[in-house]
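The values are calculated or read from the model by the stated rules, or taken from the named source; none is laboratory data. Since this is a predicted model, take the numbers as computed values, not measurements. All Cβ positions, even for glycine, are placed from backbone atoms using ideal geometry, and neighbour counts span all protein chains on display.
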Amino acid sequence: MSNEPKLNLSIPGQMTEVEVRALSELASKVPENGVIVEAGSLYGLSSWHWAQNAHPSVQVHCIDPWERVAWIISLVEAPQKAPKFGREAWANHVADCPNVVPHQGYSPQVCAGWTTPIHVYFDDAVHQNPVLAQNINFWKAHVVSGGHVCGHDYIGQWPDVIREADKLAAEWGTVVEKADSFWWVRKP
């Protein structure tokens, strides 16, 4: 990317600056009128970076149940002194992103009738199978040639993430690329 990415590291989340920069670089490569889908929007850290670093005509579809559960409170809300978690907190963080489209619920069920081609699918939702595999298998069918499937937490703590990313790369005859634990695979 020729320009520095737009960054907002004040949004609560679990991605490093290195990961957010790599995500922003992918966002900048999505063509005008393209489509990005993310599962697992949380407070909007990734949502904001997809939306702000893609062309303004790119739609960013954000899927999350926005349910305040124990792991979110203990890993994000409490240690980062974040606002009470929920859809309103997410919406406040992406208020300056007119190209985001929320889908409240669980992927892929909430988008079961989806037919639109997409340029990026980002998974930072459930990091375990069978849900992770179901999400990747559903969304990869919609990714255009030259598009990407990507995700977060390609680390030993989440072996299914590593397994599914490696499996997809092998299926597409390519490799998994990484920046910290952010990973991406380009569809040939």
Does the range 31-41 contain any residue that is touching an Asp or Glu at 6+ places or on another chain (Cβ under 7 Å), under 23 Å from N137 (Cα atoms) and polar (S, T, N, Q)?
-> yes
Filtering the range 30-49 for residues that are crowded, with 24+ Cβ neighbours inside 10 Å and among the charged types (D, E, K, R) leaves a count of 1
Checking Q104 against (1) buried (at least 17 other Cβ atoms within 10 Å of the Cβ); (2) within 20 Å of I36 (Cβ to Cβ), which single condition isn't satisfied?
-> (1)
Working carefully through the options A70, A51, find the one that is more than 17 Å from V143 (Cβ to Cβ) and free of Cβ contacts under 8 Å to residues at least 24 places away in the same chain.
-> A70
Can you find a residue in the range 4-16 that is under 16 Å from H103 (Cα atoms) and acidic (D, E)?
-> no
Strands (runs of 3 or more DSSP E) fully within the range 126-188 counting 3 or more residues that are in contact (Cβ under 8 Å) with a residue 24 or more places away in the chain and under 18 Å from I36 (Cα atoms) = 143-151, 182-186
Spot the failing condition for E67; the list is (1) charged (D, E, K, R); (2) over 17 Å from the mean Cα position of the chain (by Cα); (3) at pLDDT 95 or above, and only one is missed.
-> (3)
Mind checking which residues of the range 54-67 are touching a helix residue (DSSP H, G or I) at 6+ places or on another chain (Cβ under 9 Å) and either without any contact (Cβ under 8 Å) to a residue 40 or more places away in the chain or of a type in the set (D, E, K, R) (or both)?
-> H55, D64, W66
